[in-house]
Amino acid sequence: MSRPAVLVARAVFPEVLERLSRHFEVEANPDDSAWSREELLARLAGKSGLFATGSVQVDAALLEACPQLRVVANMAVGYNNLDIPAFNARGVLATNTPEVLTETTADFGFGLMLAAARRMSEAERYLRAGEWKRWRYDTLTGTDVHGATLGILGMGRIGQAIARRGALGFGMKVIYHNRSRLPAEQEAPIGARWVDKATLLAEADHLVLVLPYSPESHHAIGAAELAAMKPTATLTNVARGGIVDDRALIAALREQRIAAAALDVYEGEPAFDPGFLELPNVVLTPHIASATVATRRAMAELAADNLIAALTGGTPPTPVNPEVLARR
Ligand code: DGY
């Protein structure tokens, strides 16, 4: 019997490619070329599986054009690049990579928040520019993180991991807003308190966004929400671009209606609004919250586990739409 064919749309660890090639005919993209949509469709012809990342859009039209496609293994926990209702309608399995990146992403999110509150990248630019001539009582003074109120919007695994760092490591008071409230036994160890969104915005000294992107969360933080925050507050986004209205945030930062922001994700990334570059009070990183060698390796291996199981009669460990498996 011939082996299934799979497409690996982006560059990935060579050993993961090697592992996939023990099971499949693999077409890869080792140079990480930016394929057009047409090129992606042409390469997907005859492929049963796609190894994707968050930058590969799989929508209803693509699924219709590739009727032989049975599984898309996303090397990301977020899957807003996949049209899940269309997957369900066509019986195509989607998988993601939860858990393996939780602590790494939480480390980075917490670090970004600290960097914004304590003006770390602004301070480095100041030093590198030779502006540090003498000590002054008010040079680059920021806001405290320890003992402050940490607000979390989206209290999933990563939100809880950030909350743990805040409560247990920095003595922060934790408030959160989420569609569903955590069970009391999960709230208690970190003293987390569910609040409505208005209270979260009004009370947080440091607000961190960790919710999934969807039409419902589009511009969850816009001009009105920014106006409701404390003028001394910081905003950190390690979730997805589009949750924040970037233009509204630039205006709020320029007018110092909030103290600072830290962003790892942007509307339209890798493009982003150049207005951010003119602002001293924003820390900017290029979507790297999960980027440690160990975690990226674990994400790639988990995506490979999913692809191999889905196409060789096994049970994929982390399906997004397991209902499709039940129908097979
Ligand atoms: C994820 O896993 O969703 C991260 O954003 C990396 O893409």
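Every number in this text was worked out from the coordinates using simple rules, so none of it is lab data. Please read these numbers as outputs of a predicted model, since none were measured by experiment. Every residue, glycine as well, gets a Cβ built from its backbone with ideal geometry; the counts of neighbours run over all protein chains shown.
Working from Cα pairs under 8 Å separated by at least six residues, relative contact order for the range 49-134 is 24 percent. Going from the residue with the fewest nearby Cβ atoms within 10 Å to the one with the most, Ile84, Ile152 rank Ile84, Ile152. Sequence gap at least 6, Cα distance under 8 Å: using those rules, report the relative contact order of the range 102-284 to the nearest whole percent. Relative contact order comes out at 22 percent.
The trypsin sites (Lys or Arg not before Pro) of the range 1-96 that meet both conditions, a loop assignment by DSSP and at most 15 other Cβ atoms within 10 Å of the site Cβ, are Arg22.
Under Stokes-Einstein, with the Kirkwood radius over Cα pairs as Rh, the value for the range 1-130 at 20 °C and 1.002 mPa s is 126 µm²/s.
Listing Tyr126, Tyr137 from fewest to most neighbouring C-beta atoms within 10 Å gives Tyr137, Tyr126. The gain in end-to-end length when the Arg22 to Arg254 segment is fully stretched comes to 78.1 nm, 0.36 nm per residue minus the alpha carbon separation.
In the range 102-284, taking the dipole from charged Cβ atoms about the Cα centre, the farthest positive-side position among Ala115, His146, Trp135 is held by Trp135.
A straight Cα-to-Cα reach below 23 Å connects Lys230 with the lysines Lys173, Lys197, residues fewer than 8 places away in its own chain not being considered. Of all the options Gly241, Gly171, Gly313, the one that moves most in a Gaussian network model of the chain with Cα springs shorter than 10 angstrom is Gly313. When only alpha carbons are used to place a centre, the range 232-275 and the range 14-49 end up 34 Å from one another. Projected onto planes of every orientation and averaged, the convex hull of the alpha-carbon atoms in the range 198-328 covers 10.2 nm². With N as its number of residues, the chain has a Cα radius of gyration that, divided by 2.2 N^0.38 Å, comes to 1.09. In terms of overall dimensions, the range 57-183 has a Cα radius of gyration and Dmax of 21.3, 67 angstrom.
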